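Note sheet for the following structure.
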Amino acid sequence: MVILNAMDYYRQASLCPWETATGLVRLSPHCWYVGQQWVGVVLIETMNKDGIIMIDSGIRGQMWQIFECVRKLGYDPEKDIQLCMLSHAHLDHCSGMPLLLNYSHPVMYMSAYEVDWLTDPSIWERYAPVDQYTPFEPDRLYDYEKPITWGGFTFDVKHTPGHTPGTTSCFFDDVDEDGTVYRVGLHGGMGINVLTDSNYGDDEAERAKKERADFRKMMESLMDIPVDITISNHGPNIELVERMGPDKTDFRPFIDPAYWAMHLRRQLKGLDGVEAESKFNK
């Protein structure tokens, strides 16, 4: 299959998820990526191994595969998925949410900045097929001043808009069996979709410049956060296939304290390109 654009990737992951399935790939002591090479979810085993925390729900067509991987880890997807935190409200990360909420009944968090997206299916036309849209309601909204404590983890959540208005990143400590502590970081949405010229009117030059400057400042401040292991909801964002070893349960290939800053510099490079071509800078 020839993949040409994001819509093609979405349809491939939704309609033929077995074609580029990754299976379970361990990213940190308790963290696993599962899905397709292009997009997936993060499964986090609670510290006492009594349940699963998810970051994103993935694409609706992936759900059988995600549930099967939950079973391979030794859990019951109907009973043991306790918490789901949504990184941002694009369909490749949340079109499976209605099924997850109705089957597994986890507590579900998302950003208040994107709740209105859930009531307006026309907003999806730019990103994914609208026939994949099914409304759902979050249980709780992120309070960016307070961490989320669950299953032995403390998740520091940060509002990091740019990819979408409510993109949410998170950071947490993961402890290995030998007592080694790794700081894990996930940027909730790579790409600067909402900062391109198409999102601004001809008379909104000052707003565009301010929001882009704010984004640059935010990304630079995120680089100062020490991160030992960078994880992602898109495999290519962390070179998942290229970096993982023959033993997918070995997370050591993903330990790289320098990777986080490099990961974020890609965002700034994208912003440089947007600003260089912007009608507001000509």
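The values are calculated or read from the model by the stated rules, or taken from the named source; none is laboratory data. Just so it is clear, the structure is predicted and the values come from calculations on it, not from any experiment. Neighbour counts run over all protein chains shown; Cβ positions are idealised from the backbone, glycine included. Remember, those area values only see protein heavy atoms, side chains included, never the ligands or the DNA or RNA. Shrake-Rupley method; radii C 1.70, N 1.55, O 1.52, S 1.80 Å.
Of the residues Gln267, Leu222, Thr134, the one whose Cα sits farthest toward the positive end of the charge dipole of the chain, with +1 on the Cβ of Lys and Arg and -1 on the Cβ of Asp and Glu, is Gln267. Each of the peptides 168-178, 139-149 was scored by the mean count of other Cβ atoms within 10 Å over its residues; in descending order, highest first, they stand as 168-178, 139-149.
Note: the stretch 157-282, Cα convex hull, 103 Å³ per residue. For the stretch 27-113, a/c is less than 1.5, where a ≥ b ≥ c are the root eigenvalues of the C-alpha gyration tensor. That puts it in the rounded class. What the Cα convex hull of the stretch 11-63 gives, in volume per residue, is 70 Å³. Using a 7 Å offset from Cα along Cα-Cβ at Leu268, what residues in the stretch 198-214 end up with backbone N under 14 Å from the label point? Within reach of a label on Leu268: 213-214.
Take the Kirkwood radius over Cα pairs of the chain, plug it into Stokes-Einstein at 25 °C and 0.890 mPa s, and you get 128 µm²/s for translational diffusion. Sorting 15-21, 66-72 by their mean Cβ neighbour count within 10 Å, with the most densely packed peptide first, gives 66-72, 15-21. Could you name the lysines in cross-link range of Lys158, using Cα to Cα under 28 Å and dropping any fewer than eight places away on the same chain? Leaving aside lysines fewer than 8 places away in the same chain, those within reach of Lys158 are Lys49, Lys146, Lys209, Lys210, Lys217, Lys269. Computed over neighbours whose Cβ is under 10 Å from that of Gly35, the net charge equals -2, Lys and Arg +1, Asp and Glu -1.
Electrostatic tally near Glu220: other residues with Cβ closer than 12 Å to its Cβ, Lys and Arg +1, Asp and Glu -1, net +1.
When the solvent-accessible area of the stretch 1-160 is split by element, carbon and sulfur atoms take up 50 percent of it, the probe being 1.4 Å.
Spin-label model, Asn48 to Glu239: label points 7 Å out along the Cα-to-beta-carbon direction sit 4.0 nm apart.
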